[in-house]
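J.: Here it is, the structure in full.
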Amino acid sequence: MTQETGGFAALDLHPSIVAAVLATGYEEPSAIQQQSIPIILAGHDMIGQAQTGTGKTAAFALPILNRIDPSKREPQALILAPTRELALQVATAFETYAKQMPGVTVVAVYGGAPMGPQLKAIRNGAQIVVATPGRLCDHLRRDEKVLATVNHLVLDEADEMLKLGFMDDLEVIFKAMPETRQTVLFSATLPASIRAIAERHLRDPKHVKIQSKTQTVTAIEQAHLMVHADQKVSAVLRLLEVEEFDALIAFVRTKQATLDLASALEAKGYKAAALNGDIAQNQRERVIDSLKDGRLDIVVATDVAARGLDVPRITHVFNVDMPYDPESYVHRIGRTGRAGREGRALLLVTPRERRMLQVIERVTGQKVAEVRLPNGQAVLDARIKKLTNSLAPLVADAEASHGDLLDRLTADIGCSPRALAAALLRKATNGQALTLEAVEKEQPLVPSSAPRERTAGGERSERGERERRAPMPLGEGRARCRTALGARDGIAAKNLLGAILNEGGLAREAIGRIQVRDSFSLVELPEDGLDRLLTKLKDTRVAGKQLKLRRYRED
Ligand code: ADP
Ligand code: MG
């Protein structure tokens, strides 16, 4: 973060909430958190505008947790999210942040799952209800009193909810809640439809906008590359092979990530160390001194820990995790290119973060060119170049000092000088892969041309991601359909799911796997009635573009 703050502890949150947040590995509130938390804590209505990935969930979850009364076993806060996936993510986040608040329970309410258990959880006293608007309305139709005790309402991703056609449902929900409630609305964009809702249903709302001021970036060469979240470490390892760096700083979001990446680098023989907020001041200074004098070449840091770090040797900045805002991007890459030297900054972007990349480009007024992950040949060439550079200076006087010995050894062994030189090379390179085949075997990496959705929220979703990548046979009675919309159109699986559920009138279970690729997407739909469904979806638009879903035949 760019502004100086006192961290989460200075925000007037209950100590058990602060403790849970710090245990999650967050060091400092993001800008939207910093600004929203005091407003929501004070009970105001609020409109928050910020891009994806800026930390909006904690921006409302932490103060809402602070405002509920755990001893009262009745629903007190309602969070509305556009899709089942997002509702589940938000519910999981609440559970994480409420870990040290005994008695707080969270229920997720969404379509495609039986209603009975959801209603039971609400009646059993869950204080936090996270719901999709459609399913919540189904509950309201059965029991119009379910929301009678809810005095905090959050609309998360309000623009997405309207895009998915939830306007009418929202009106029903507003009516079913006490008028004295606190209402908070988060949205990436504020079109007229959202402003109209705010006008009618929010009382004197405070506005928080994470504004992107224009920043100038000087002699730093910038590039980005698309990767999947779970490929970041292997991508970094590859990049390090080909980038000619002196010292390098790699930025990640959490303490745990600093430790994980630093140890992965050490395991590969790099002189690397982690720098995070847990590291004592004197140790921190030792790390920085080591980076200055070359005992270390790579430091893996969080934003907070790297604040003020000024090491002229730094030639490279790797943004392994996306910064929260363009200002911290500019701040981070300013660690290189010091004192008029040249610097290079690389940014790893997961599909979900494309929009942040665009914001960064707009704010810095510069295009951040896309580069590809180096292939095996590039890695091999880089290794051979390094070997050449290290051997070349040794050749000059070696013949004079060791030429006779070479003659004697080749005669004694009965081999050619070429054979002996090759043996010495093998010894000197210590088993390093130095053929194309060996390099490719050593660094298996899925090509980055087929990015998948990265879901927010830690390990659980990372694991989900890996599982989803495993080749899966087409479910029985299902047909695969294709649309030309993909990640590069700003499409995520949740958009497709939302659109098909809404416009197709299908149950969630009817829809199988959704795979979002760069330039197209695949969706598994029921074979039964497929043609009718496709006709129904004929004019459906997603993210402003025509879906044009067609049957897809693989051969
Ligand atoms: P948004 O809703 O704005 O898209 P999320 O709330 O989903 O963003 O947060 C994006 C990611 O950032 C999540 O993985 C979350 O755990 C992480 N995150 C949020 N706040 C912080 C923080 N203060 N420090 C470190 N990581 C954070
Ligand atoms: Mg969010």
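The values are calculated or read from the model by the stated rules, or taken from the named source; none is laboratory data. Here the structure is a predicted model, which means the values were calculated and not measured. A quick note on method: Cβ atoms are made from the backbone with ideal geometry, for glycine too, and the neighbour counts reach across all protein chains shown. Remember, those area values only see protein heavy atoms, side chains included, never the ligands or the DNA or RNA. Shrake-Rupley method; radii C 1.70, N 1.55, O 1.52, S 1.80 Å.
J.: Scan the range 368-398 for residues that are under 30 Å from residue 348 (Cβ atoms), in a helix (DSSP H, G or I) and either open to solvent by 40 Å² or more (accessible area, probe 1.4 Å) or of a type in the set (Gly, Ala, Ser) (or both) and jot them down.
T.: 376, 377, 378, 381, 382, 384, 385, 386, 387, 388, 389, 390
J.: Within 30 Å of residue 55 (Cβ to Cβ) and either of a type in the set (Gly, Ala, Ser) or touching a residue at least 12 places away in the same chain (Cβ under 8 Å) (or both): does that describe residue 379?
T.: No, not satisfied.
J.: Mind checking which residues of the range 296-310 are crowded, with 19+ Cβ neighbours inside 10 Å and in a helix (DSSP H, G or I)?
T.: Answer for the range 296-310, where residues must be crowded, with 19+ Cβ neighbours inside 10 Å and in a helix (DSSP H, G or I): 303, 305, 306.
J.: In addition: If I ask for residues that are free of Cβ contacts under 8 Å to residues at least 60 places away in the same chain and loosely packed, with under 14 Cβ neighbours inside 10 Å, which ones from the range 333-367 would you list?
T.: 339, 358, 367
J.: Does the range 70-89 contain any residue that is more than 14 Å from ligand 2 (Cβ to nearest atom), open to solvent by less than 30 Å² (accessible area, probe 1.4 Å) and outside any strand (DSSP E or B)?
T.: yes
J.: Which count do you get for residues in the range 159-178 that are within 16 Å of ligand 1 (Cβ to nearest atom) and of a type in the set (Asp, Glu)?
T.: Number satisfying all stated conditions: 2.
J.: Hey, another quick one. Which residues, counting only those in the range 179-202, are out of contact with any strand residue (DSSP E or B) (no Cβ under 6 Å at 6 or more places or on another chain), hydroxyl-bearing (Ser, Thr, Tyr) and more than 16 Å from ligand 1 (Cβ to nearest atom)?
T.: Of everything in the range 179-202, those that are out of contact with any strand residue (DSSP E or B) (no Cβ under 6 Å at 6 or more places or on another chain), hydroxyl-bearing (Ser, Thr, Tyr) and more than 16 Å from ligand 1 (Cβ to nearest atom) turn out to be 180, 193.
J.: A further question follows. Suppose we filter the range 203-243 for residues that are at pLDDT below 90 and either over 22 Å from the mean Cα position of the chain (by Cα) or part of a strand (DSSP E or B) (or both); how many remain?
T.: Residues in the range 203-243 being at pLDDT below 90 and either over 22 Å from the mean Cα position of the chain (by Cα) or part of a strand (DSSP E or B) (or both): 9 in total.
Okay, residues lined up against (1) part of a loop (DSSP other than H, G, I, E, B); (2) within 16 Å of ligand 2 (Cβ to nearest atom); (3) at pLDDT 80 or above:
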| site | (1), (2), (3) |
| --- | --- |
| 410 | no, no, yes |
| 425 | no, no, yes |
| 441 | no, no, yes |
| 451 | yes, no, no |
| 463 | no, no, no |
| 466 | no, no, no |
| 474 | yes, no, no |
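J.: Quick check on residue 51: is it part of a loop (DSSP other than H, G, I, E, B), open to solvent by 40 Å² or more (accessible area, probe 1.4 Å) and either within 16 Å of ligand 2 (Cβ to nearest atom) or closer than 18 Å to residue 185 by Cα (or both)?
T.: Here the answer is yes, as residue 51 does meet what is asked.
J.: May I ask you to say which residue of 71, 30 is touching a Gly at 6+ places or on another chain (Cβ under 8 Å) and closer than 21 Å to residue 356 by Cβ? Talk me through it step by step, then tell me what you get.
T.: Working: 71 fails: closer than 21 Å to residue 356 by Cβ.
Unique residue meeting the criteria: 30.
J.: Taking into account only those residues within the range 50-73 that are of a type in the set (S, T, N, Q) and within 11 Å of ligand 1 (Cβ to nearest atom), which is farthest from residue 323 (Cα to Cα)?
T.: It comes out as 57.
J.: Step by step: first the residues of the range 34-48, then only those that are open to solvent by 10 Å² or more (accessible area, probe 1.4 Å), part of a helix (DSSP H, G or I) and within 14 Å of residue 64 (Cα to Cα), then the one that is nearest to ligand 2 (Cβ to nearest atom). Which residue is that?
T.: This residue is 39.
J.: Okay, moving on. Within 16 Å of ligand 2 (Cβ to nearest atom), open to solvent by 20 Å² or more (accessible area, probe 1.4 Å) and in contact (Cβ under 8 Å) with a residue 24 or more places away in the chain, is that true of residue 57?
T.: So residue 57 passes the test.
J.: Moving on. Name the single residue that is least open to solvent (accessible area, probe 1.4 Å) among those in the range 259-295 being in a loop (DSSP other than H, G, I, E, B) and over 21 Å from residue 23 (Cβ atoms). Before you say what the answer is, go through the steps one by one.
T.: Taking the range 259-295 and keeping what is in a loop (DSSP other than H, G, I, E, B), we get 268-271, 276-280, 294-295.
Add one more test, that the residue is over 21 Å from residue 23 (Cβ atoms), and what stays is 268-271, 294-295.
Numbers: 268: 128, 269: 63, 270: 54, 271: 94, 294: 20, 295: 143 Å².
Across the range 259-295, the extreme among qualifying residues is 294.
J.: Looking at the range 478-486, is at least one residue part of a strand (DSSP E or B), in contact with a Leu (Cβ under 8 Å, 6 or more places away or on another chain) and modelled with pLDDT under 85?
T.: Within the range 478-486, one or more residues are part of a strand (DSSP E or B), in contact with a Leu (Cβ under 8 Å, 6 or more places away or on another chain) and modelled with pLDDT under 85.
J.: Looking at 173, 197 in this structure, which one is in contact with a Cys (Cβ under 8 Å, 6 or more places away or on another chain), at pLDDT 90 or above, farther than 30 Å from residue 289 by Cβ and open to solvent by less than 20 Å² (accessible area, probe 1.4 Å)?
T.: Result of the check over 173, 197: 173.
J.: Can you spot a residue in the range 107-116 that is open to solvent by 10 Å² or more (accessible area, probe 1.4 Å), of a type outside the set (A, V, I, L, M), more than 14 Å from ligand 1 (Cβ to nearest atom) and touching an Asp or Glu at 6+ places or on another chain (Cβ under 7 Å)?
T.: Yes.
J.: Please find, within the range 138-158, the residue that is farthest from residue 45 (Cα to Cα) out of those that are touching a residue at least 60 places away in the same chain (Cβ under 8 Å) and within 16 Å of ligand 1 (Cβ to nearest atom).
T.: Going through the qualifying residues, I end up with 157.
J.: Within the range 523-535, identify whether any single residue is in contact with a Phe, Trp or Tyr (Cβ under 8 Å, 6 or more places away or on another chain) and open to solvent by 30 Å² or more (accessible area, probe 1.4 Å), and answer yes or no.
T.: No; the residues of the range 523-535 include none that is in contact with a Phe, Trp or Tyr (Cβ under 8 Å, 6 or more places away or on another chain) and open to solvent by 30 Å² or more (accessible area, probe 1.4 Å).
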